[in-house]
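Derivation of every value follows stated rules applied to the coordinates shown; laboratory data play no part. Note that the structure is predicted; figures quoted are calculated from it, not measured. Cβ sites come from the backbone with ideal geometry, for glycine too, and all protein chains shown count toward neighbours.
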Amino acid sequence: MKINRILFFLLSIIFILASCEDDVLVKPSAMLRLDYPKPVYRTLNTDCPYSFEINGNTTIVKKSNCDINISYPHMRATLYISYQDVRDNNLDSLLQDAQKLAYDHSIKANSIPEQPFINPDKKVYGMFYMINGNAATQAEFYVTDSINHFLNGALYFDAKPNFDSIYPAVVYLREDIRKLMETVTWR
């Protein structure tokens, strides 16, 4: 008798749950969509011995000694750029420092592909480091004319590094850095 009650109780529960009318709604698969504004570049002219094109969606903060910060407020990112004169045969040490700054992130980085940049017409030579992984910076670069000028930069986000989350912004900003390198002119 006790088994019949348990069986009746279980069948009643199954019947009640099965009789509820919940229409099954199949949701389409979705992917994260981050739309960034199409870049419109403008020339940044300063009193310093260089100029280049920057994204019009940025804010410029001029620092001392021709250093500048290019801020991307909608992405919470900043490209820190510093300028140094090449003098007294210090080009080797400037190049070593720039490479060391990029490779200091190898502890957290998954990879650091290098992309050389050469524009003999404008006398601009450099290297672009794409730092992949949960490192503090996601890109670093330097450009020089090998005689008088040395410009280097590093991209930082105002957030804890999570490469998967910031990857779309990283791709967008790396293109801005490439444009900057391609348009550098010396005075």
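Using the Karplus relation 6.51 cos²θ - 1.76 cosθ + 1.60 with θ = phi - 60°, the per-residue 3J(HN,Hα) values for the range 174-187 come to 4, 5, 4, 5, 4, 4, 4, 4, 5, 10, 5, 10, 9, 10 Hz, with x marking Gly and Pro.
Loop-resident trypsin sites (Lys or Arg not before Pro) (DSSP state other than H, G, I, E or B) in the range 51-116 with no more than 13 further Cβ atoms inside 10 Å of their Cβ: LYS63, ARG76, ARG87.
Counting helices only, and only those DSSP H runs with n ≥ 4, report the 222 nm mean residue ellipticity of the chain as the sum of -39,500 (n - 2.57) divided by its residues, in deg cm²/dmol to the nearest 500.
Numbers: 3 runs with 51 residues, N = 187.
Calculated from helices alone, the mean residue ellipticity at 222 nm is -9000 deg cm²/dmol.
Toward the positive end of the charge dipole of the chain, with +1 on the Cβ of Lys and Arg and -1 on the Cβ of Asp and Glu, the farthest Cα among PRO28, SER71, ILE6 is that of ILE6.
Rounded, prolate or oblate: pick one for the range 44-143, where a ≥ b ≥ c are the square roots of the eigenvalues of its C-alpha gyration tensor, a/c under 1.5 means rounded, and failing that, prolate if a/b is larger than b/c, else oblate. Oblate is the answer for the range 44-143, as a/c is 1.5 or above yet b/c matches or exceeds a/b.
Compared with the dominant principal axis of the Cα atoms in the chain, helix 91-103 is inclined by about 0°.
Highest mobility in the GNM of the chain, judged by mean-square fluctuation with C-alpha springs under 10 Å and restricted to SER106, SER146, SER165, is found for SER165. Gyration tensor over the Cα atoms of the chain: the corresponding equivalent ellipsoid has semi-axes (square roots of 5 times the eigenvalues, largest first) of 56, 19, 13 Å. Considering only ILE166, ILE70, ILE107, the mean-square fluctuation computed in a Gaussian network model of the chain, springs between alpha carbons under 10 angstrom, is largest for ILE107. Relative to the longest principal axis of the Cα atoms of the chain, the long axis of helix 2-19 lies at roughly 50 degrees.
Step through the table entries LYS123/LYS160; LYS38/LYS108; LYS62/LYS179; LYS63/LYS179; LYS100/LYS123; LYS38/LYS123, compare each Cα-Cα distance with 26 Å, and write down the pairs that go over it. All intermediate terms of the calculation are to be shown ahead of the outcome.
On the way: LYS123/LYS160 37 Å; LYS38/LYS108 31 Å; LYS62/LYS179 20 Å; LYS63/LYS179 22 Å; LYS100/LYS123 24 Å; LYS38/LYS123 29 Å.
Distance filter (> 26 Å) returns LYS123/LYS160; LYS38/LYS108; LYS38/LYS123.
For the range 74-187, a simple Cβ point-charge model (Lys and Arg +1, Asp and Glu -1, everything else neutral) yields a dipole of about 200 debye relative to the Cα centre.
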